[in-house]
Amino acid sequence: MLGVAGVIGFLLAWESIPRAGIVDPRFLPPASDVLATLIADFGLTAFWLAVSETMTAWVIGLVMAIFLAVVLGFIIGSSVFLRKFTNSTVEFLRPIPSVALIPLAVLLFGVRIESTLMLVVYASFWQVFIQVLYGVADVDNVAMQTAKSYGLGTMARVRHVVFPTALPYLMTGIRLAASVALILAITAELVIGAPGLGREIALAQSGGAISGMYALVLATGLIGVVINLVMRFIERKTLSWHSSIRSEVIV
């Protein structure tokens, strides 16, 4: 209820600021006008086509990033030599902003979806990869030695010891990557002009449809909220056995 009250308070403040003349309504239309435009957009095929294009880039990019991060994370994290060997490279590449790769993406792929995927995969990969490294490093050495003493092979130890330990870290990384992937998908569309909600926002702004621009921005926010709720639900279901999730349920 407090969350709902916060949203209502935000909308009331937004409504009152332009109507009181604090901000020119041409640049910040009242919330009622923007919401009316957003509701009207829900009935437009072009709007849902843009949503589908953005979500397609989001899904493909996120899946690619998770796959690469999990495979490399388990391989590198399981070897002390590989962790030390790749540490400098990881620390060099990880801070590079994904938006800095936009010129390279445009040169390689133009304004197609591949450019968006390149940025989404790069940004999302690090969110999952670093978490997987932490998870693999957190494996209890006693548990690993016990598994070896019982004759478990490498794959069996990964399945029964390493993976359960790393899974909470992995789910955290995926939840973070899901939000980052959406941000980069929309940013790429906005800057590069690839098909999707980002390009529609840019077109609305350049065409002077300010209410339509704000409505599309709200739509991206709503998509982000839905993604976060879905990812948290999946995380709770996947980690229902974990102490952190059980303590949340008890609280």
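Looking at VAL106, ILE130, THR220, which one has the Cα that reaches farthest to the positive end of the dipole of the chain (charges on Cβ: Lys, Arg +1; Asp, Glu -1)?
Projecting each Cα onto the dipole axis, the largest value belongs to ILE130.
Go ahead and set up a Gaussian network model of the chain, Cα springs under 10 Å, then flag whichever of GLY207, GLY196, GLY224 fluctuates most.
It is GLY207.
Is the shape of the chain best called rounded, prolate or oblate, per the rule: a/c under 1.5 gives rounded, else a/b larger than b/c gives prolate, else oblate, with a ≥ b ≥ c the square roots of the Cα gyration tensor eigenvalues?
prolate
For TYR134 and LYS84 in one chain, what is 0.36 nm times their gap in residues minus the Cα-Cα distance, to one decimal in nm?
Values: separation 50, 0.36 × 50 = 18.00 nm, distance 1.37 nm.
Once the chain is fully extended between TYR134 and LYS84, it gains 16.6 nm.
Tally Lys/Arg at +1 and Asp/Glu at -1 over every other residue whose Cβ is under 11 Å from the Cβ of ALA215; what's the total?
Value of the local net charge: -3.
Which value, in debye to the nearest 20, describes the size of the charge dipole of the chain about its Cα centre when Lys and Arg Cβ atoms bear +1, Asp and Glu Cβ atoms bear -1, and nothing else is charged?
Result for the chain is approximately 840 debye, rounded to the nearest 20.
Could you tell me which residue out of MET55, SER79, GLY196 lies farthest along the dipole of the chain toward its positive end? Charges go on the beta carbon: Lys and Arg +1, Asp and Glu -1, centred on the Cα centre.
Towards the positive end, the residue furthest out is SER79.
Suppose the chain between PHE27 and SER52 were pulled fully straight at 0.36 nm per residue; how much longer would it get relative to their current alpha carbon spacing?
On the way: separation 25, 0.36 × 25 = 9.00 nm, distance 2.83 nm.
Full-extension gain reported as 6.2 nm.
Might you tell me the accessible area per residue for the chain, computed with a 1.4 Å probe and given in Å²?
56
Just the number, please: carbon plus sulfur as a percent of the accessible area of region 1-123, 1.4 Å probe, no ligands or DNA/RNA counted.
78
Explain nothing, just compute: Karplus ³J(HN,Hα) = 6.51 cos²θ - 1.76 cosθ + 1.60, θ = phi - 60°, for every residue of region 49-64 in order, whole Hz, x for Gly and Pro.
Using θ = phi - 60°, the values come out as 5, 5, 4, 5, 5, 5, 5, 5, 4, 5, 5, 4, x, 5, 4, 4 Hz.
Evaluated at 25 °C with a viscosity of 0.890 mPa s, what Stokes-Einstein diffusion coefficient in µm²/s does region 178-233 have when Rh comes from the Kirkwood expression over alpha-carbon pairs?
Answer, rounded: 213 µm²/s.
Quick check: the angle from helix 31-41's long axis to the longest principal axis of the chain, C-alpha only, nearest 10 degrees?
Long axis of 31-41 versus the principal axis of the chain: about 70 degrees.
Sticking with the crude label model, points 7 Å out along Cα→Cβ, report the distance from VAL4 to VAL59 in nm, one decimal please.
3.1
Which is the longest run of the chain containing none of the chymotrypsin sites (Phe, Trp or Tyr not before Pro) found in DSSP loop states (not H, G, I, E, B) with at most 15 other C-beta atoms within 10 Å?
43-149
Using alpha-carbon positions, what is the distance between the centroids of region 79-119 and region 7-58, in Å?
Cα centroid to Cα centroid, the span is 33 Å.
The values are calculated or read from the model by the stated rules, or taken from the named source; none is laboratory data. Predicted, not measured: the structure shown is a model, and the values here were computed from it. All Cβ positions, even for glycine, are placed from backbone atoms using ideal geometry, and neighbour counts span all protein chains on display. We work out accessible area using only protein heavy atoms, side chains counted, and drop any ligands, DNA or RNA first. Shrake-Rupley method; radii C 1.70, N 1.55, O 1.52, S 1.80 Å.
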